[in-house]
Amino acid sequence: MGRSVAESWGQIIGWLEEHLPQALDDLQPPARGSDITALRTAMDRRLPSDLVAWLTLNNGFGRRAGFGSLIPVLYVPMSVEDMLGDREMLRSVWATIVPDESGTGEGEPAGTPTFPWLDAFLPIGDAGTDCHLFVDLREGEHFGCVGTFDVEIGGFTEPEWFSVSEMLADVADSLTLNQPALQAHARRVHAATQFPTSPPRAWTPHVDDGYLDWNLVDL
């Protein structure tokens, strides 16, 4: 049986208390039932149970959180309000940029690569850039997978993790055991590369002067 969201999140919070206590100043209280209802209504889709479980433990961090990136390699967990605000902004931007392609990919299974931002994508991580960490709410085997949307690399190319639970367990292990995060993703990408010129590469946490970032390492 996989690790529960509560167990992984408890390990992450415990690590922050020891190594980066100032980060907890920006941690928001658990999302209210009305917040989660509003999220379901706005998305008009079912939500992964592990995402809901995570929100019942916390409602992200404040927008001005300055402790670094809790989710490798760029992201700080978002509140429900910010999730929905960023989603609406992205929907508007993409409807303007590619009005004829804004729905392309909506009917594909979750985890399928796509260039336009989709209505089925729910932002969950704030990078302070034009990159976005999101949960894919399209139906299919990989419903609820977590990916990065980055225009410069072609939008969404493949899931980083196959669930919120997997993401939190990976981050918890990386922080508490000082081991690379995103190892499984790195090996999947490496195996799919026809002529790899380097070994798989993943990310290790690093705290310097009260700031958490992630260093790239060979596996």
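The values are calculated or read from the model by the stated rules, or taken from the named source; none is laboratory data. If you're wondering where the values come from, they're calculated on a predicted model, not measured in any experiment. Please note: Cβ atoms are built from the backbone with ideal geometry, for glycine as well, and neighbour counts cover all protein chains shown.
Points to keep in mind about this one:
- Members of segment 105-130 that are part of a strand (DSSP E or B) and polar (S, T, N, Q): THR114
- Residues located in segment 1-31, provided they are among the hydroxyl-bearing types (Ser, Thr, Tyr) and farther than 21 Å from LEU212 by Cβ: SER4
- Screening THR104 with (1) modelled with pLDDT under 95; (2) buried (at least 18 other Cβ atoms within 10 Å of the Cβ); (3) among the β-branched types (Val, Ile, Thr) gives one miss only, at (2).
- Segment 159-179, residues that are within 14 Å of the chain's Cα centre (by Cα), closer than 18 Å to LEU216 by Cβ and either surrounded by fewer than 21 Cβ atoms within 10 Å (Cβ to Cβ) or in contact (Cβ under 8 Å) with a residue 60 or more places away in the chain (or both): VAL171
- Taking each residue of segment 107-127 that is under 23 Å from THR96 (Cβ atoms) and looking for partners that are among the aliphatic types (A, V, I, L, M) and assigned to a loop (DSSP other than H, G, I, E, B) with beta-carbon atoms closer than 7 Å, six or more apart or interchain, yields PRO116/VAL98; ALA120/LEU137; LEU122/LEU137; PRO123/MET78; ASP126/MET78; ALA127/LEU74.
- Taking segment 27-36 as the range and being touching a strand residue (DSSP E or B) at 6+ places or on another chain (Cβ under 9 Å) and closer than 19 Å to LEU84 by Cβ as the test, only GLN28 passes.
- Filter result (among the small types (Gly, Ala, Ser) and either surrounded by 13 or more Cβ atoms within 10 Å (Cβ to Cβ) or not in a loop (DSSP other than H, G, I, E, B) (or both)) within segment 180-215: ALA181, ALA184, ALA186, ALA191, ALA192, ALA202, GLY210
- Those residues of segment 133-162 which are out of contact with any Pro (no Cβ under 8 Å at 6 or more places or on another chain) and outside any loop (DSSP other than H, G, I, E, B), in sequence order: THR148, PHE149, ASP150, VAL151, GLU152, ILE153, TRP161
- In this structure, ALA53 does not satisfy being farther than 17 Å from VAL171 by Cβ and not β-branched (Val, Ile, Thr).
- Residue list for segment 1-43, filter: acidic (Asp, Glu) and either at pLDDT 95 or above or surrounded by 18 or more Cβ atoms within 10 Å (Cβ to Cβ) (or both): GLU7, GLU17, GLU18, ASP35
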